[in-house]
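Participant: I have a structure here, written as structure tokens, and I will follow up with some questions on it.
The values are calculated or read from the model by the stated rules, or taken from the named source; none is laboratory data. Keep in mind the model is a prediction, meaning the values are calculated, not measured. Cβ coordinates were reconstructed from backbone atoms using ideal geometry, including for glycine residues, and neighbour counts include every protein chain displayed.
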Amino acid sequence: MRRIWCVTSEDGNVAVTASHVQLGDFGFAGDDTVVPFQVAPLDARGRVVQLGPILDAILGRHDYPEPVARLLAEAMTLTVLLGTSLKFEGKFILQTRSDGPVDMLVADFTTPQSLRAYASFDAERVAQASAAGRASPADLLGKGVLALTIDQGQHMQRYQGIVQLDSTSLEDAARTYFRQSEQIPTEVRLSVARQMVKGQNGFDGHWRSGGLMSQFLPEAPERLRLPDLPGGDGDNGEMPDPTDDAWAEVQALLATIEADELIDPTVGPERLLYRLFHEHGVHVFEGSEVVDDCSCSREKIRGILDGFTDEEIADSIEDGRIKVSCEFCSTHYEFDPADFVTRN
């Protein structure tokens, strides 16, 4: 079978096209870069990412217990996969609210490349869950909701999809979201690990995550239609029979991915895609970088405080100052209360 590997920018300009190309003949995106791909014979499109330094930077600002950090890393990976698919200026926000030991996760991606995130948790409950061997993502989240929000700015209406969490992993919740809200056959794989790397002063822990999302997007609309899609009108709760051999093959191939392949820096997104789809020919697009970049600023916080009443300003004073800390990046800001007292 003829094997083709293409590297193309997302505007359609082909940068490299080769037949029977060998691994090593093309560049690798590396960590913190999302790699879009297409497998035309199977009508599949998707994105792959490996996160490394950006996880260390974001998680390193917070003293999260390891299970909480692992869960937030998974949320960030999913957010990057979904957020980088936006084709307009805006923000993609993933947020959970649940009754588990980790009662809230927030991760948001602002186009074209900015990521930030934080977690709210009960330290005692997390410790108890870990001691009892019940610290999986589903156990930590418990029951609640996952909200996925697309914000196109103040002059545009927000779009939000809600998925119920019932001891559900983020992977499963994402699949449910696409099945119910978007009605697009979608498969998501996520993996997170904390690797110990030997340095000059001994071993240091570094976070790594990997994620892959693939969707079935045939040109012929009738191939996409799933009449018994769970979650739709008349849903009887049963999964539909496979409607297309191409999508069934994609799912079978993705099921072969080992968790360590998703995070292994010696594999990388491009090599992983080659392993999965080389028999069909996989088209790899130019990657897009993701950066640790919080949108907070002194000016934005001042603008919020300007809207406070005198009573609210008084309630905010601590040791003669107004002190504000960003939950995302842990930056601390201080203001003089006199700057916000109403002048008659």
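Participant: Which one of these is under 25 Å from residue 294 (Cβ atoms) and under 13 Å from the mean Cα position of the chain (by Cα): 102, 34, 48?
Facilitator: 34
Participant: Does residue 136 satisfy the criteria of being free of Cβ contacts under 8 Å to residues at least 40 places away in the same chain and among the small types (Gly, Ala, Ser)?
Facilitator: Details: free of Cβ contacts under 8 Å to residues at least 40 places away in the same chain: yes; among the small types (Gly, Ala, Ser): yes.
Here the answer is yes, as residue 136 does meet what is asked.
Participant: Now, a different point. Taking into account only those residues within the stretch 158-185 that are in a strand (DSSP E or B) and loosely packed, with under 15 Cβ neighbours inside 10 Å, which is farthest from the chain's Cα centre (by Cα)?
Facilitator: Residue satisfying both the conditions and the ranking: 166.
Participant: Six or more apart or on different chains, Cβ under 6 Å: which pairs go from a residue in the stretch 61-80 that's not assigned by TED's automatic domain parsing to the domain that holds residue 207 to one that's in a helix (DSSP H, G or I) and at pLDDT below 95? Could you list them?
Facilitator: Correct list of pairs: empty, since none qualify.
Participant: Sticking with this structure for a sec: Consider the stretch 98-127. How many of its residues are surrounded by fewer than 20 Cβ atoms within 10 Å (Cβ to Cβ) and part of a helix (DSSP H, G or I)?
Facilitator: 4
Participant: Here is a list: 221, 230. Which entry is at pLDDT below 75 and either under 23 Å from residue 143 (Cβ atoms) or among the polar types (S, T, N, Q) (or both)?
Facilitator: Exactly one of 221, 230 is at pLDDT below 75 and either under 23 Å from residue 143 (Cβ atoms) or among the polar types (S, T, N, Q) (or both), namely 230.
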